């Protein structure tokens with residue numbers, strides 16, 4: 001079941017004591033490729049480099065480290 005949408009659904013539905021073991025057994029990742037909205041503004045008409053900078057800002061502004069990666 002690992003790596004499937006079914007596994008993701010099982011993990012998302014887990015509650016209580018079953019959640020931590022499922023999170024360890026079925027790790028999930030969120031990957032962002034673009035910024036669709038920032039401060040109430042849709043920047044999609046801006047150049048890709050500017051939008052990528054919007055993705056980088058939280059990492060530099062808050063010195064995010066693992067498990068956060070860019």
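With respect to residue 67, determine if the residue is within 15 Å of the chain's Cα centre (by Cα), under 25 Å from residue 10 (Cβ atoms) and not assigned by TED's automatic domain parsing to the domain that holds residue 10. Don't jump to the end; show me each part of the working.
Details: within 15 Å of the chain's Cα centre (by Cα): yes; under 25 Å from residue 10 (Cβ atoms): yes; not assigned by TED's automatic domain parsing to the domain that holds residue 10: yes.
Against the criterion (within 15 Å of the chain's Cα centre (by Cα), under 25 Å from residue 10 (Cβ atoms) and not assigned by TED's automatic domain parsing to the domain that holds residue 10), residue 67 qualifies.
Every residue in region 42-67 that is outside any helix (DSSP H, G or I) and exposed (fewer than 10 other Cβ atoms within 10 Å of the Cβ), please.
47, 63, 65, 66, 67 - these are the residues of region 42-67 that are outside any helix (DSSP H, G or I) and exposed (fewer than 10 other Cβ atoms within 10 Å of the Cβ).
Could you list, ordered by first residue, the pairs with Cβ atoms under 7 Å in which the first is in region 42-60 and closer than 14 Å to residue 32 by Cα and the second is in a helix (DSSP H, G or I), at least 6 apart or interchain?
Note: pairs meeting the criteria are 51/43; 54/43.
Could you list all residues from region 1-30 that are part of a loop (DSSP other than H, G, I, E, B) and either surrounded by 12 or more Cβ atoms within 10 Å (Cβ to Cβ) or modelled with pLDDT under 90 (or both)?
Looking only at region 1-30, we keep the residues that are part of a loop (DSSP other than H, G, I, E, B), and these are 1-4, 14-15, 26-30.
Listed by number, the residues that qualify are 1, 2, 3, 4, 14, 26, 27, 28, 29, 30.
The values are calculated or read from the model by the stated rules, or taken from the named source; none is laboratory data. Since the model is a prediction, treat every value here as computed from it, not as a measurement. Don't worry about glycine lacking a Cβ; one is built from the backbone with ideal geometry, like all the others, and counts go over all protein chains shown.
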